[in-house]
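Engineer: Mind looking over this structure? Questions follow.
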Amino acid sequence: MIKLYDGGIYLVNGLEVIPENEAIRIQNMIGAPADKEQAKKGTISWPIIKEHNKSENMENLKLRFDSLTSHDITYVGIIQTARASGMREFSLPYVMTNCHNSLCAVGGTINEDDHKFALSAAHKYGGIYVPVNLANIHSYNRETMAGCGRMILGSDSHTRYGALGTMAVGEGGGELAKQLLCRTYDFPYPRVVAVYLSGKPKPGVGPQDVALSIIGSVYKNGYVKNAVMEFVGPGVAELPIEYRNAIDVMTTETTCWSSVWITDEETQKYYARHRRLEDFRKLAPADIVYYDGCVWVDLSTVECTIAMPMHPSNIYTIHEVQENPEEILHLVQEEANKVLKGVKLDLTSKIRGGDIWVEQGIIAGCSGGTFDNICAAADILRGRSCGNGAFSLNIYPGSMPALSALIKNGRVSDLISAGAIMRECFCGPCFGAGDTPANGEFSIRHTTRNFPNREGSKPGEGQISAVALMDARSIAATAANGGRLTAASDLEIEYTCPDYIFDSEIYEKRVYNGWRRPQPDYELKFGPNIKDWPDMPSLTEDLLIKVCSYITDPVTTTDELLPSGETSSFRSNPERMSEYTLSRRDPQYVSRSRSLQQADHDRRAGKVLGKEIAAVYAALEKSGIQVDPEGTNIGSTIYANMPGDGSAREQAASCQRVIGASANFARQYATKRYRSNCINWGIIPFLVENPEVFALGDYIFIPNLKTAICNKIDRITAYAVKPDGNVITFLCSIGSLTDTERQILTEGCLINYYRNN
């Protein structure tokens, strides 16, 4: 059972949930009315945020974090941004891991070139460098950087260490660059929603089952969007710490801002095991605390769950799918085929003899590759076989210390003997850069996402495969049946739950820690693919943009805006990577946008405007609208209903900007981090209520835009110019902006802002 409360709630003594409209009960208990404003300060979140807030009030936060972290898709761009903005050394600990682009056969030397760049940056600026495949980003930060009451900012969307008492936030690279430049992360104080856990999971039900059940309940209705999820209740004590970690990392898929859990003896044991007992302290809500909402989860009712393609919120219980495979798989494939272009997904062919058969199982990364998950998989597969058919099982541990412990306790031997393949510490299966299935195959994965192309296929080239998310236990149960979809709860298994013996020397011998020891004269090592950011034009008073892509899907993910997988090999070369923008969703977008970029170059060079743009200005003047062609930026824009769900990768915005984008239009933005990425790269994040007034190929003219941004004018008049010269007036807005964000937009991007200030 998962219950969402309407409105706020009070939590009394950590146990009793009282809806706000029944607050009179509190007066009967304590003899005084509940003080809502004081009770809001009783959350775990409040004192942590207050300690890190540098502003004069708690309504508009200016946060400084304790440490930063990035992996090798994002750190080059961040360091290049900070360098261009005047950085001389890292102002706080910055962990750079190498767990995403570590297949060096892809793209020649460019992956390893980036790794050497990061190592040289760690020397020069005083950073922490984690060598290739030593640990994935979040396993390393859990084991070495998390601490009760700390805050960590990462350029990966799954930066979540709440189960260890750390409020962690995944953001775009611009926000990390700000921290490196001693600036703040500016954000209104978030809503705080309680996740009240009761009961105890059934045998065979794992953390991914719990996480997916929560995601399925809150994603589509936006219940926790941009909020803090605060895990409380007696059920927390029933969960081992790695179980909590594996639930917590998936909170990103709810679109929440951050997360934090109560801490207890289990948490304390984790820190003691990792020789960091000084980083533990007990965190708990006050005796009477107010939350803006509550998600009640009865753990005893959670079933083995599967998130079908193409989103982690598309959930069913495995038993539901087994009982009605034809109807459910047909429904799923039809919904997926509405999104896919030029290729069709076929899931119903996976039904044979009334059972569902899959070709691949993956247990990997920050969510699946934990010590406990892999031990549970070994318990299930011990003495069994994955078979010699089409099905394969690959397992990626989260860190080398975890792998070392699994080797020493015999679990690796159990898994290999059953036919599983043990792989390196690599995040590839999470974003389509590892173990891409064959065309038409169905993969089940304990990873973080199953968006289109997250399995690595290329629909534009006629390739398609599908991913469903499941818990490691049910993946192992399926493997034990040779690929026949199976819920772990259907097997009688004795789970051994061995202790994790952490070997700290593995990190001590290989990790370079230069924090507080920068070497300013150390030379950065640049590979030939590492390029500087191109110049971005500042905003003129008026703006003319052309709609170069028009997407009507309910949600547009960052993977659709900029595909992950092999395209990430070019992440250090802004111009080259930008050629992949919307490549799987709208292959003509890049050429359309480039033509507008060239038009603006011509304008700034004093050249004569092309016939099409001249006709647009003539239509505007005919309608009585004053124009200043020589002083008006020309750029591209896209429309999408709700863009930006998914990754924190800033490239989903910066690549648009590199090829001439000036704005986006949307009904709403899926995440705060994507909207922030747009702002930091000078892309104006317009909101529009009636997008049907313009279409693909229309021009949009927005006069007095710079003045509107500077003067905080909310409703902005815009004009859609049709190909036939008809002009339609409509209103749009930009939404809430800080003063700094307004200046970033008018300067043209974050780099310009720092360069000019």
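The values are calculated or read from the model by the stated rules, or taken from the named source; none is laboratory data. None of these values were measured; they are calculated from a predicted model. Ideal geometry is used to build each Cβ from the backbone, glycine not excepted, and the neighbour counts take in all protein chains shown.
Engineer: So if I check each of Ala618, Ala652, which one is modelled with pLDDT under 95 and either more than 21 Å from Val727 (Cβ to Cβ) or not charged (D, E, K, R) (or both)? Reasoning before the result, please.
Structural biologist: Numbers: Ala618 fails: modelled with pLDDT under 95.
Sole residue among the options that is modelled with pLDDT under 95 and either more than 21 Å from Val727 (Cβ to Cβ) or not charged (D, E, K, R) (or both): Ala652.
Engineer: Are any of the residues in segment 353-374 without any contact (Cβ under 8 Å) to a residue 12 or more places away in the chain and either assigned by TED's automatic domain parsing to the domain that holds Ala466 or in a strand (DSSP E or B) (or both)? I'd like the intermediate steps shown before the answer.
Structural biologist: Start the filter on segment 353-374 by keeping residues that are without any contact (Cβ under 8 Å) to a residue 12 or more places away in the chain, which leaves 353.
Retained after the next criterion (residues that are either assigned by TED's automatic domain parsing to the domain that holds Ala466 or in a strand (DSSP E or B) (or both)): 353.
Yes, segment 353-374 has at least one match.
Engineer: How many of the residues in segment 375-399 are assigned to a helix (DSSP H, G or I) and crowded, with 21+ Cβ neighbours inside 10 Å?
Structural biologist: Residues of segment 375-399 assigned to a helix (DSSP H, G or I): 375-381.
If we keep only those that are crowded, with 21+ Cβ neighbours inside 10 Å as well, we get 375-378, 380-381.
Qualifying residue count, segment 375-399: 6.
Engineer: While we're here: Got a sec? Which of Gly610, Gly635 is out of contact with any Phe, Trp or Tyr (no Cβ under 7 Å at 6 or more places or on another chain), outside the structural domain of Thr252 (by TED's automatic domain parsing) and under 20 Å from Met577 (Cβ atoms)?
Structural biologist: Details: Gly610 fails: under 20 Å from Met577 (Cβ atoms).
None of the others qualify; the one that does is Gly635.
Engineer: If only one of Val205, Val192, Val169 is closer than 20 Å to Val17 by Cβ and either at pLDDT 95 or above or surrounded by fewer than 24 Cβ atoms within 10 Å (Cβ to Cβ) (or both), which one is it?
Structural biologist: Details: Val205 fails: closer than 20 Å to Val17 by Cβ; Val169 fails: closer than 20 Å to Val17 by Cβ.
The unique qualifying residue is Val192.
Engineer: Please determine, by comparing only the residues of segment 417-476 that are of a type in the set (D, E, K, R) and more than 18 Å from the chain's Cα centre (by Cα), which one is surrounded by the fewest Cβ atoms within 10 Å (Cβ to Cβ). Show your work before the answer.
Structural biologist: Quick first cut of segment 417-476, residues of a type in the set (D, E, K, R) only: 423-424, 435, 441, 445, 449, 454-455, 458, 461, 471, 473.
Then drop every residue that is not more than 18 Å from the chain's Cα centre (by Cα), which leaves 423-424, 435, 441, 458, 461, 471, 473.
Values: Arg423: 20, Glu424: 17, Asp435: 21, Glu441: 20, Lys458: 18, Glu461: 11, Asp471: 32, Arg473: 30.
Per the stated criteria, the residue is Glu461.
Engineer: Going residue by residue through segment 314-327, is there one that turns out to be assigned by TED's automatic domain parsing to the domain that holds Phe442, touching a residue at least 40 places away in the same chain (Cβ under 8 Å), crowded, with 20+ Cβ neighbours inside 10 Å and over 27 Å from the mean Cα position of the chain (by Cα)?
Structural biologist: Yes - at least one qualifying residue is present in segment 314-327.
Engineer: Right, Ala708: among the aliphatic types (A, V, I, L, M), closer than 30 Å to Leu609 by Cβ and within 21 Å of the chain's Cα centre (by Cα) or not? Walk me through it before giving the result.
Structural biologist: On the way: among the aliphatic types (A, V, I, L, M): yes; closer than 30 Å to Leu609 by Cβ: yes; within 21 Å of the chain's Cα centre (by Cα): no.
Criteria not met by Ala708.
Engineer: If we keep just the residues of segment 509-544 that are among the β-branched types (Val, Ile, Thr) and under 29 Å from the mean Cα position of the chain (by Cα), which is modelled with the highest pLDDT? Step through it out loud before you land on a result.
Structural biologist: Within segment 509-544, the subset among the β-branched types (Val, Ile, Thr) is 511, 530, 540.
Narrowing further to those that are under 29 Å from the mean Cα position of the chain (by Cα): 511, 530.
Numbers: Val511: 98, Ile530: 91.
Here the residue is Val511.
Engineer: If you don't mind, there's one more thing I want to ask. Restricting attention to segment 711-757, which residues are more than 20 Å from Ala666 (Cα to Cα), more than 30 Å from the chain's Cα centre (by Cα) and surrounded by 14 or more Cβ atoms within 10 Å (Cβ to Cβ)?
Structural biologist: Val727
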